[in-house]
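Step one of this worksheet: look at the structure below.
The values are calculated or read from the model by the stated rules, or taken from the named source; none is laboratory data. Since this is a predicted model, take the numbers as computed values, not measurements. Virtual Cβ from ideal backbone geometry, glycine too; neighbours counted across all protein chains shown.
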Amino acid sequence: MRDRHKVLRHRMRNVTQYDYVVMDCGPSLSVLNQNALVYADHILIPVSCDYLSLVGVRQILKTLKQVNDILLHPVSILGVVPTFYDVRTRISVEAVQTLQAYFKDRVLPPIRVNTRLKEAPSHKKTVFEFAPDSHGAEDYRTLVQKVIELSRADAAHYDGEAAFEQPGA
């Protein structure tokens, strides 16, 4: 199929009743991920607060560049989400500092390590249903609010010439 990386975009063209569509994809450039990236305007990059995950961010940035260069579809980074954040560990604090040095104000509030986040799926519930007062639920509420603020600000400043933006630019 000639435009196989555009199948999702084509099929979703009439889906207009949503303000946001969230797709969870890995960092590879598989056909499924190509479809998601060609459909997307912006991405959120979750990054575990550990050294190897910081190294993995490079692969994600390469993937975005390929989508922009090869598939001719600009995708911008709406934000980077530090996950498994534990304020008690030096690696977590250093990981967030490293992300902030590179991505600047695109680093979103971290998602703290939280047992309730791990338990909720085994009960077939979201963290909001399973433990609505937990730190995990609180962190995700804060993240959602920040994403809404950023996307509204982006829409207000959109000039019709979206391009792949280098972090910190």
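Brief remarks follow.
- Tally of residues being farther than 24 Å from residue 43 by Cα and in contact with a Leu (Cβ under 8 Å, 6 or more places away or on another chain) across region 111-145: 1
- Considering region 93-142, the residues that are small (Gly, Ala, Ser) and in the same structural domain as residue 81 (by TED's automatic domain parsing) include one that is nearest to residue 57 (Cα to Cα), namely 95.
- Index of the failed condition, residue 13 passing every other in (1) modelled with pLDDT under 90; (2) over 18 Å from the mean Cα position of the chain (by Cα); (3) within 25 Å of residue 115 (Cβ to Cβ); (4) not acidic (Asp, Glu): (3)
- Filter result for residue 87 (in a loop (DSSP other than H, G, I, E, B), touching a helix residue (DSSP H, G or I) at 6+ places or on another chain (Cβ under 9 Å), at pLDDT 90 or above and of a type in the set (A, V, I, L, M, F, W, C)): yes
- Meets criteria (in contact with a Ser or Thr (Cβ under 7 Å, 6 or more places away or on another chain) and part of a helix (DSSP H, G or I)) for residue 117: no
- Some residue of region 113-128 being under 17 Å from the mean Cα position of the chain (by Cα), within 27 Å of residue 37 (Cβ to Cβ), in contact (Cβ under 8 Å) with a residue 12 or more places away in the chain and crowded, with 20+ Cβ neighbours inside 10 Å: no
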